[in-house]
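Read the structure below first, then the notes.
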């Protein structure tokens, strides 16, 4: 689980807090990641699966996808602003 949370740092976003909620429900294991990022809306990912490992892996993949998209959006905005200034 620690490696999963550490993997979110590779996108160079100013992550202020990561909350992982894991619950055992009727339909399986529910995993929720709430990733708070400075100067941005939080990224919240929910996944449910029958096994713990699979639920964490699915949630990790979705969170990484959302963080990658946010990172790409920020980078493209910086490039656009730089072009306008030049």
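Would you say residue 36 is farther than 13 Å from residue 13 by Cα and part of a strand (DSSP E or B)?
Working: farther than 13 Å from residue 13 by Cα: no; part of a strand (DSSP E or B): yes.
Answer is no for this residue.
Report whether or not residue 12 is on the phi > 0 side of the Ramachandran plot and touching a residue at least 40 places away in the same chain (Cβ under 8 Å).
Numbers: on the phi > 0 side of the Ramachandran plot: yes; touching a residue at least 40 places away in the same chain (Cβ under 8 Å): yes.
Considered against the rule, which asks whether it is on the phi > 0 side of the Ramachandran plot and touching a residue at least 40 places away in the same chain (Cβ under 8 Å), residue 12 comes out as yes.
Does residue 79 satisfy being surrounded by 11 or more Cβ atoms within 10 Å (Cβ to Cβ), out of contact with any helix residue (DSSP H, G or I) (no Cβ under 6 Å at 6 or more places or on another chain) and assigned to a helix (DSSP H, G or I)? Let's see the steps before the verdict.
Details: surrounded by 11 or more Cβ atoms within 10 Å (Cβ to Cβ): no; out of contact with any helix residue (DSSP H, G or I) (no Cβ under 6 Å at 6 or more places or on another chain): yes; assigned to a helix (DSSP H, G or I): yes.
So residue 79 fails the test.
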> When region 45-70 is examined, which residues are found to be assigned to a helix (DSSP H, G or I), over 16 Å from residue 6 (Cα atoms) and in contact with a helix residue (DSSP H, G or I) (Cβ under 9 Å, 6 or more places away or on another chain)?
Replying inline: 70
> Pick from region 31-44 the residues that are over 16 Å from residue 4 (Cα atoms) and touching a strand residue (DSSP E or B) at 6+ places or on another chain (Cβ under 7 Å): which of them is surrounded by the most Cβ atoms within 10 Å (Cβ to Cβ)?
Replying inline: 37
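Here, each number is a calculation from the coordinates, and none is a lab measurement. Note that this is a predicted model, so its numbers are computed, not measured. Cβ atoms come from the backbone with ideal geometry, glycine included; neighbour counts cover every protein chain shown.
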